[in-house]
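To start, the structure itself, in structure tokens.
Where a number appears in this text, it was derived from the coordinates with a stated rule and is not lab data. Note that the structure is predicted; figures quoted are calculated from it, not measured. Virtual Cβ from ideal backbone geometry, glycine too; neighbours counted across all protein chains shown.
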Amino acid sequence: MFEKVFGRRQQEESVREMNRLPPGQSLTNKFPVLHYGPTPHTDLSTWDLKVFGLVEVEKTWNWEQFNALPRTKLTMDIHCVTRWSKFDTDWEGVSLGQLVREGFITPKPEAKYVVQHCEYGYTTNLPLDMMLLDNFLLATHFDGKPLELEHGYPLRGVIGTFADRHEVKSAYLWKGGKWLRGLEFRAQDQLGFWERNGYSNEADPWREQRFARGGWY
Ligand SMILES: Nc1nc2c(c(=O)[nH]1)N[C@H]1C(S)=C(S)[C@@H](COP(=O)(O)O)O[C@H]1N2
Ligand SMILES: [Mo]
């Protein structure tokens, strides 16, 4: 936003005044890459997404089937626990909330949490009710183009905040798994990779829930 006209500092002041900059964050116009381990090179011909656990019918969608699901575009601000925030980012993909509302996935009544399973075993967990909100997307595109390899191609979870809807619960960016291959519906919560390694399970950027209490950070 305003990239050509204003410098970074002025843009940051502007989002701060609009109450869009969570505490302890600063604005970046770059898109930093952050993950643990190597970047997978996915072959779309063998790729699939498994929906399993506490759902009425388990699903395995190949790339073609996944792309036939109803699609959504949305604009969000995203916040990384390493203190950068990026504003007005454009995403396209599939809304889990819409899949549930339209009957493509039916969670069992006991399902309260979802674990995102990614290539190489990365996981992250969220309450089901948060993943059904408009600000969680199974994203295939960023900024009008397919995701770049290192940002999660071909599919990632992404969660952010809306400029004008602060009441919608949100989380730091690590709660979106890059190179997503599975969604596991569960009755009990199960900590994901960063959550087991000292990060907050709630991860609300407005409350600065960065690290778990009692963690070693
Ligand atoms: N599969 C996988 N997804 C991941 C991670 C990871 O290590 N592996 N790191 C998370 C973290 S800590 C962050 S901040 C975001 C970063 O997304 P980006 O690299 O697109 O900025 O991805 C999240 N998703
Ligand atoms: Mo991160």
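Annotation: extensible slack from residue 120 through residue 28 equals 30.3 nm (criterion: 0.36 nm per residue apart, minus Cα-Cα distance).
Let me have the 222 nm mean residue ellipticity of the chain computed from DSSP H runs of 4+ only, each contributing -39500 (n - 2.57), with the sum over all residues rounded to the nearest 500. Before the final figure, lay out the partial values.
Numbers: 5 runs with 29 residues, N = 217.
Taking each H run of at least 4 residues, the total per residue is -3000 deg cm²/dmol.
Computed from Cα positions, the angle between helix 8-17 and the longest principal axis of the chain comes to roughly 80 degrees. The convex hull drawn around the Cα atoms of the range 1-76, when projected onto a plane and averaged over every direction, covers 9.4 nm². With both labels modelled 7 Å from their Cα along Cα-to-Cβ, the residue 207 to residue 82 distance reads 2.5 nm.
Each residue of the range 115-217 gets 112 Å³ once the volume of the Cα convex hull is shared out per residue.
In this structure, the pairs whose alpha-carbon distance is over 23 Å, taken from 50/86; 112/145; 73/175; 73/108; 50/175; 73/112, are 50/86; 112/145; 73/108; 73/112. For the range 1-130, the C-alpha radius of gyration divided by 2.2 N^0.38 Å, with N the number of residues, is 1.31. Each listed q (0.10, 0.12, 0.15 Å⁻¹) maps to a log10 I(q)/I(0) for the chain from the Debye sum over equal C-alpha point scatterers, namely -0.42, -0.62, -0.97.
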